[in-house]
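Presented below is the structure to which this report refers.
Here, each number is a calculation from the coordinates, and none is a lab measurement. Keep in mind the model is a prediction, meaning the values are calculated, not measured. Cβ coordinates were reconstructed from backbone atoms using ideal geometry, including for glycine residues, and neighbour counts include every protein chain displayed.
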Amino acid sequence: MDGNKHTVLILGGGWVGLPVAHELRKVGHHARVTTRKSRLIETLHRLDMEGVAFDLESFESRHERVHQLVQIGEGCSHWLLTIPPVRNQTQEFHLNWHQDVLAAASLSKIERLVILSSTSVYPDEGKMKEMDARMDSISPHSGLSLLECESVYDGSPFSCCVLRLGALIGPGRHLAERALRRGWKTPHKRINATSQQDAISACIHALFQNGMSGPYNVVSPDHPTYADFGKTCSSLGWPKSLAEASAKEPTGREVNSEKIISTGFEFETNNILEWAKCAGGMRMKVEVPIREQILRCDVHYRCNAEDMLLDNPNEVVVFAHGYKGFKDWGAWDRVMDQLATSNRWAVRFDFSHNGVTEWFPGEILDEEAWSQNTYHRELEELVAVANYWNFRGCKVHLIGHSRGGGIALLAAHELERNGIPPASLSLWAAVSDFHERFPKGNDLKKWKESNRFEVVNQRTGHVLVHPWSFYTSFMNRASELDIKAAASELSIPVLVAHAMDDEGVNPWEARELHSLLKKSTLWLLDAGGHTFGTKEPWPGSVLPQPMCSLIERTLEHISEA
């Protein structure tokens, strides 16, 4: 990437386009993103990013569409086209669309255009390089000849680069998902896949790498078969039927990506089977409504020995993340995989005001929402998630980490008072007193006067702000948020787990909670820190020993409840 800062137009704020915009913003470029979703435009503006309404099917004439593209792209030196083929539209429609992009980009005198295409431009068999694309190769998803769409830009007056992506894999896109019920259609076919991170990196690389033009394959250099992939998945709780295939020579095409590697690009995902291990077990999305909010939950589950999937589990573990945390932090997904069985599902969720958004779930970007969060809001939301499963006849276990531990204890107390107590509670490095964590003396006075108490996110360097209302909202409900008082009344079995070298929450808080609880087990680790050896981001698929020990002890506690 050159040292200049650019304004980039991203046509299509989707699964690839949005994270590209975010990455560009982080290194000082400005991204203008088109979308059909008004809520996304509002979110982008709140995150100091630019969203623009655009729907390529909404124009009465092609001239009008070209004019709109020119207006949207004003001041943008680089364009990135990520909009996938529109379903149920003809080849002619898509050729016209690309011709309109070409016309608008030419009128705008841009420096470079990067287009996302697909490996469907290649025949089904053989080793494929960029020169092997054929007009008569039809995409099975859109029914189009994407090579004919690519050819529209031949001889363009600006630098044009085409990135041919394989099957996209990443959050929410797992190769085994579509094979869950019916298995693999062609188990011995080679996989040609592109991870989301590699797609993002390739887009940014192509936008600013001098000398790049024409087509480039962006496909992981590794090409296992679907049967090999299924074997890896089945070891992680996916159906064993995914691994059932007799020995047979691999078939299908093998797409070569040496051309883009020769430009200095490096793949992050070089091993598809290792990616599968990191992606973990089966997961589904569940939305729990509360007030005018939607709590986004990830549910982890497994097949039983007979390859059966339950429609509703017997038990559910609900996990509450901590301060400056979120459900996708670090290794929480891998931890939930370990807690899930065929009869017991594990659920992690985002508190509504933890600062992450639907479109950017892995980072606290919505600082305004974060600053409006309160303890009682989190308590109400954890109770709502627990009751979502209670009302389905499930036995519920609660787990809370750090601040989430304090919230989980309060939620267990409220649920018990309402006659639907959790079966168990596990406190991981939990706080014992919210009030004690507020500033004192002059610091409290300064907070009140300035309406601003700053907290630095050590990992990202972002400065987050608590307004004075965060303190007053707690004081107005202090009795409801008294962790120690709730602990002294709680009757369910509780595991209190803490590492002795925890620098975030002192181990004496664990001892204090243990002394107050009626039925508790204190379990102290010599080392592991506040997050039991994990961190954000968490690389690889193997959990650290402190976390493995914690999971083992927690499972014992849950099974005894």
I need the Debye-formula profile for segment 490-546: one equal scatterer per C-alpha, no solvent, reported as log10 I(q)/I(0) at q = 0.16, 0.20, 0.31 1/Å, two decimals. -0.55, -0.75, -1.18
Tell me, what ³J(HN,Hα) does each residue in segment 144-154 have, in order and in whole Hz, if you take phi through Karplus 6.51 cos²θ - 1.76 cosθ + 1.60 with θ = phi - 60° and put x for Gly and Pro? 10, 8, 5, 5, 5, 5, 4, 5, 4, 8, 4
Theoretical gain in end-to-end length, GLU368 to LYS240 [0.36 nm per residue, Cα-Cα removed]: 41.5 nm
Under 1.5 on a/c is rounded, so check that first for segment 349-419, then, if it is not, pick prolate when a/b is larger than b/c and oblate when it is not; a ≥ b ≥ c are the square roots of the alpha carbon gyration tensor eigenvalues. prolate
Rg/Rh over Cα atoms for segment 245-310, Kirkwood Rh, comes to 1.16
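Give me the extension gain from SER479 to GLN89: residue separation times 0.36 nm, minus the current Cα-Cα distance, reported in nm with one decimal.
Values: separation 390, 0.36 × 390 = 140.40 nm, distance 6.06 nm.
Residue separation times 0.36 nm, minus the Cα-Cα distance, leaves 134.3 nm.
Beyond 19 Å, how much of the Cα-Cα pair distribution for segment 351-502 remains, as a whole percent? Write down the numbers at each step before the final one.
On the way: 6748 of 11476 pairs.
For segment 351-502, the share of Cα pairs beyond 19 Å comes to 59 percent.
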Taking every Cα atom in segment 378-467, find the radius of gyration and the maximum pairwise distance Dmax, and write them in Å. 16.8, 51
Where Rh denotes the Kirkwood radius from the mean inverse Cα pair distance, what is Rg over Rh for the chain? 1.01
Where the only charges are on Cβ atoms (+1 Lys, Arg; -1 Asp, Glu), what is the dipole of segment 87-196 about its Cα centre, to the nearest 20 debye? 700
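Quick one: putting +1 on the C-beta of Lys and Arg, -1 on the C-beta of Asp and Glu, what dipole do you get for the chain around its Cα centre, in Debye to the nearest 20? Mind dumping the intermediate values first?
Details: 59 positive and 71 negative charges, 90 e Å.
The dipole magnitude comes to about 440 debye.
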Report the equivalent ellipsoid semi-axes for segment 80-161 in whole Å, largest first, defined as the square roots of five times the eigenvalues of the gyration tensor built from alpha carbon atoms. 23, 16, 10
Normalised per residue, the volume of the convex hull around the Cα set of segment 334-390 (Å³): 100
Sort out for me the Cα centre separation of segment 186-244 from segment 340-360, rounded to whole Å. 26
If I model segment 280-321 as equal point scatterers sitting on the Cα atoms and use the Debye formula, what is log10 I(q)/I(0) at q = 0.18, 0.21 Å⁻¹? -0.65, -0.83
Phi angles of segment 453-464, converted by Karplus (6.51 cos²θ - 1.76 cosθ + 1.60, θ = phi - 60°) into ³J(HN,Hα) in whole Hz with x for Gly and Pro, give 10, 8, 10, 8, 6, 4, 6, 9, x, 5, 9, 9
Spherically averaged projected area in nm², based on the convex hull that wraps the Cα atoms of segment 459-561: 8.8
Sticking to Cα atoms, compute the Rg of segment 242-397 to one decimal and its Dmax as the biggest Cα-Cα distance, whole number, in Å. 19.6, 59
For labels at GLU556 and LYS285 in the simple 7 Å Cα→Cβ model, what's the distance in nm? 3.9
Which of the peptides 219-225, 304-310 is most tightly packed, and how do the rest follow, going by the mean number of other Cβ atoms within 10 Å of each residue? 219-225, 304-310
Please give the direction-averaged projected area of the C-alpha convex hull for segment 52-125, in square nanometres with one decimal. 5.9
Residues listed by number, segment 338-377, amide nitrogen under 13 Å from CYS548 label point at 7 Å toward C-beta: none
For segment 296-309, in residue order, the Karplus 3J(HN,Hα) values (coefficients 6.51, -1.76, 1.60; θ = phi - 60°; whole Hz; Gly and Pro = x) are 8, 10, 10, 9, 9, 8, 9, 7, 8, 4, 8, 6, 9, 10
What residues have an amide H closer than 5 Å to that of VAL255, excluding those fewer than 5 places away on the same chain, when H is modeled at 1.01 Å from N in the peptide plane? MET128
Non-local amide H neighbours of VAL52 (under 5 Å, H modeled in plane, Pro and chain starts lacking H): which ones? VAL33, THR34, THR35
What are the residues whose amide H is under 5 Å from the amide H of ILE169, where those residues sit 5 or more places off or on another chain and H is modelled from the backbone? THR194, SER195, GLN196
How big is the Rg/Rh ratio for segment 164-230, C-alpha atoms only, Rh by Kirkwood, two decimals? 1.07
How far, in nm, would the chain grow between GLU125 and GLU249 when pulled straight, counting 0.36 nm per residue and subtracting the alpha carbon separation? 43.4 nm
How far is it, in nm, from the label point at THR521 to the one at THR263 when both lie 7 Å from their Cα along the line to the Cβ? 5.7
To make sure I understand, if each residue's beta carbon is the centre and we count other beta carbons within 10 Å, what order do THR232, THR521 fall in, fewest to most? THR521, THR232
Within segment 254-398, the percent of DSSP beta bridges that are antiparallel, given to the nearest 5, stands at 60
In segment 414-543, taking the dipole from +1 charges on Lys and Arg beta carbons and -1 charges on Asp and Glu beta carbons about the Cα centre, the listed residue (THR531, LEU464, SER432) farthest towards the positive end is LEU464
Model label zone, LEU107; criterion: amide N under 15 Å from point 7 Å along Cα-to-beta-carbon; scope segment 60-100: 60-76, 97-100
Count the DSSP beta bridges whose two residues both fall in the chain, then state the antiparallel fraction as a percent rounded to the nearest 5. 25
If you find the alpha carbon centre of segment 505-530 and of segment 52-81, how far apart are they in angstrom? 59
What is the spread of the Cα atoms of segment 190-276 along each of their three principal axes, largest first, in whole Å? 47, 25, 14
Surpassing 30 Å at the alpha-carbon level, of the pairs LYS189/LYS277; LYS37/LYS240; LYS446/LYS518; LYS446/LYS535, are LYS37/LYS240; LYS446/LYS518; LYS446/LYS535
Debye intensity ratio in log₁₀ form over the Cα atoms of segment 399-448, taken at each q of 0.22, 0.25, 0.31, 0.32 Å⁻¹: -0.75, -0.85, -1.05, -1.08
Just for segment 381-483, what percent of DSSP beta bridges are antiparallel, to the closest 5? 45
Please compute the Kirkwood hydrodynamic radius over segment 415-511, one decimal place, Å, based on all pairs of different Cα atoms. 15.9
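What is segment 363-439's relative contact order, in percent, from Cα pairs under 8 angstrom and six or more apart in sequence?
Numbers: 84 pairs, mean separation 22.0, N = 77.
Reported relative contact order: 29 percent.
Averaging the inverse of every distinct alpha carbon separation and then flipping it gives the Kirkwood radius. What is it for segment 4-149, in angstrom units? Spell out each step's value before the answer.
Working: mean 1/r = 0.0613 Å⁻¹.
Its Kirkwood hydrodynamic radius stands at 16.3 Å.
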Would you order HIS67, HIS22 from fewest to most other beta-carbon atoms within 10 Å of each residue's own beta-carbon? HIS67, HIS22
